[in-house]
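Asks: Submitted below is the structure of interest, expressed as structure tokens.
The values are calculated or read from the model by the stated rules, or taken from the named source; none is laboratory data. Quick caveat: nothing in here was measured; it's all calculated off a predicted structure. Positions of Cβ are backbone-derived with ideal geometry, glycine not excepted, and every protein chain shown enters the neighbour counts.
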Amino acid sequence: MVQFKKADITLVPTIMELAQEIFPATYGPILSSEQIDYMMEWMYSRESLEKQLEEGHVYHIALFDNVPVGYFSVQMVEEGVWHLQKIYLKPGLQGKSVGKQMFLSAVGYIRENSQLPCVVELNVNRNNTKAIRFYEHMGMHKASQGDFPIGNGYYMNDYIMALEVK
């Protein structure tokens, strides 16, 4: 059974630990190890995560049989527009409906905390076909694409996917 726990600053170490396992496994086939290392520091250092929480990122930890197995983060970027900043699950649980429950929980949180209708957007690497298929299966569509500089000469080459929440 999957449960979700809203994260506060005390759960930053849990998010960091999950990211150390999940992020490299997700992007190893797509990005260089140097870019993965850069992005891990950029997004998942203690300082970065604490700053994200201060800036309105709302993290939830996914628990499977009371064990942390993934996380998602949502943020309202403007009235009526939310960004699903992160949604990551341990590879061994992918394809077992846990990711679907995570996505639905993220959308449910947005639905409860927004005026409806609203739009949920997310960035997904254009080479991450498995994730693209998952998001399309969840009702999202490719709204645009871009190459977004993230520093140190690296880019996120992403589709922006969108879902209208009613």
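Asks: Out of the residues in the stretch 1-11 that are more than 15 Å from the chain's Cα centre (by Cα), outside any strand (DSSP E or B) and modelled with pLDDT of 95 or more, which is surrounded by the fewest Cβ atoms within 10 Å (Cβ to Cβ)?
Replies: 10
Asks: What are the residue pairs meeting all of these: first residue in the stretch 94-115, first residue buried (at least 18 other Cβ atoms within 10 Å of the Cβ), second residue in a helix (DSSP H, G or I), Cβ atoms under 7 Å, and 6 or more apart or on different chains?
Replies: 99/134
Asks: Give me the pairs: first residue in the stretch 129-153 and touching a residue at least 12 places away in the same chain (Cβ under 8 Å) and outside any helix (DSSP H, G or I), second residue surrounded by 12 or more Cβ atoms within 10 Å (Cβ to Cβ) and of a type in the set (Gly, Ala, Ser), beta-carbon distance under 6 Å, and six or more apart or on different chains, which are they?
Replies: Short answer, once both residue conditions are applied: 143/162.
Asks: Moving on to the next point. Scan the stretch 130-149 for residues that are under 16 Å from the mean Cα position of the chain (by Cα) and not charged (D, E, K, R) and jot them down. Reasoning before the result, please.
Replies: If we filter the stretch 130-149 for residues that are under 16 Å from the mean Cα position of the chain (by Cα), which is where we start, we get 130-136, 138, 140.
Matches in the stretch 130-149: 131, 132, 134, 135, 138, 140.
Asks: Could I ask something else about it? Checking the condition part of a loop (DSSP other than H, G, I, E, B) and surrounded by 12 or more Cβ atoms within 10 Å (Cβ to Cβ), which residue from 36, 15, 30 passes?
Replies: Just one listed residue meets the conditions, 30.
Asks: Sticking with this one: Among the candidates 164, 121, single out the residue that is of a type in the set (D, E, K, R) and surrounded by fewer than 16 Cβ atoms within 10 Å (Cβ to Cβ). Step through it out loud before you land on a result.
Replies: Numbers: 121 fails: surrounded by fewer than 16 Cβ atoms within 10 Å (Cβ to Cβ).
Result: 164 is the single residue among 164, 121 that is of a type in the set (D, E, K, R) and surrounded by fewer than 16 Cβ atoms within 10 Å (Cβ to Cβ).
Asks: Within the stretch 73-99, how many residues turn out to be farther than 21 Å from residue 143 by Cα and not in a loop (DSSP other than H, G, I, E, B)?
Replies: Pass one, the stretch 73-99, residues farther than 21 Å from residue 143 by Cα: 88-99.
If we keep only those that are not in a loop (DSSP other than H, G, I, E, B) too, we end up with 88-89, 91-93, 98-99.
Here the count works out to 7.
Asks: Is there a residue being hydroxyl-bearing (Ser, Thr, Tyr), buried (at least 17 other Cβ atoms within 10 Å of the Cβ), part of a strand (DSSP E or B) and at pLDDT 95 or above anywhere in the stretch 57-71?
Replies: Initially, the stretch 57-71 is screened for residues hydroxyl-bearing (Ser, Thr, Tyr), giving 59, 71.
Next, only the ones that are buried (at least 17 other Cβ atoms within 10 Å of the Cβ) stay: 59, 71.
Filter once more, keeping what is part of a strand (DSSP E or B): 59, 71.
Narrowing the set further to residues that are at pLDDT 95 or above leaves 59, 71.
Yes; the residues of the stretch 57-71 include at least one that is hydroxyl-bearing (Ser, Thr, Tyr), buried (at least 17 other Cβ atoms within 10 Å of the Cβ), part of a strand (DSSP E or B) and at pLDDT 95 or above.
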